[in-house]
Amino acid sequence: MHFKETDLPGIGRKYWLHTRSGEHLVIVVHNDERRDLFHMESGDQAEDLGDMVSLVTLDDDEARAVAAIVGGMTYKPQFQNEREVMLEGLLIEWLRIEPHAACIGKTIGEMNIRQVTGVAILAAVDKEKQKQFNPGPEYVFTSGATIVVAGEREQLKQLKQWLTDGRM
């Protein structure tokens, strides 16, 4: 995650966030208390902004309500408890392949996933929602795909590192 903030003289302040999923969020807090939220496409490089996908303008009260919701002040999600199943040390987890991950374009076999990390890949779902159960060594990792994996906590930690930057 990359985060920048910039003063906009006479206007307010701009915040730029590049998410782990490769998307960009630009927030402009105006001196008159309006907030503009711009969802931007990714450019060719991680820092490049693409075209605007959407824009939402909030007044001060709306912005504070959204901040409370997003910040977890009104509801703390139990998603982690639902997506991680513990069976005597075995965890089953859903991992999203981020746009700049080292594994993109490589196969399970090339990355030697099971031998290197000890993790089993149970299923893969691509961005178009095509499912593949028990993908073999020829399965190619793609940006935005979600993989369902099983292993112990430390093995899953190693897998995430291996997929993200290709090192342990």
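The values are calculated or read from the model by the stated rules, or taken from the named source; none is laboratory data. Fair warning: this is a prediction, and the values are worked out from it, not measured in the lab. Quick reminder, even Gly has a Cβ in these numbers, built from the backbone with ideal geometry, and neighbours come from all protein chains shown. These area figures cover heavy atoms from the full protein model, side chains too; ligands, DNA and RNA do not enter into them. Shrake-Rupley method; radii C 1.70, N 1.55, O 1.52, S 1.80 Å.
What to note about this one:
- Taking each residue of segment 15-41 that is free of Cβ contacts under 8 Å to residues at least 60 places away in the same chain and looking for partners that are of a type in the set (D, E, K, R) and open to solvent by less than 50 Å² (accessible area, probe 1.4 Å) with beta-carbon atoms closer than 6 Å, six or more apart or interchain, yields VAL28/ASP36; VAL29/ARG35; GLU33/ASP60.
- All told, VAL56 meets the bar of being β-branched (Val, Ile, Thr), within 30 Å of GLU5 (Cα to Cα) and modelled with pLDDT of 80 or more.
- Residues that are modelled with pLDDT under 90 and among the polar types (S, T, N, Q), drawn from segment 1-49: THR19, SER21, SER42, GLN45
- Members of segment 81-99 found to be modelled with pLDDT of 85 or more, open to solvent by 40 Å² or more (accessible area, probe 1.4 Å) and among the charged types (D, E, K, R), listed by number: ARG96, GLU98
- Criterion: in contact with a Gly (Cβ under 8 Å, 6 or more places away or on another chain), within 30 Å of ILE27 (Cα to Cα) and at pLDDT 90 or above - qualifying residue of ALA145, ALA102: ALA102
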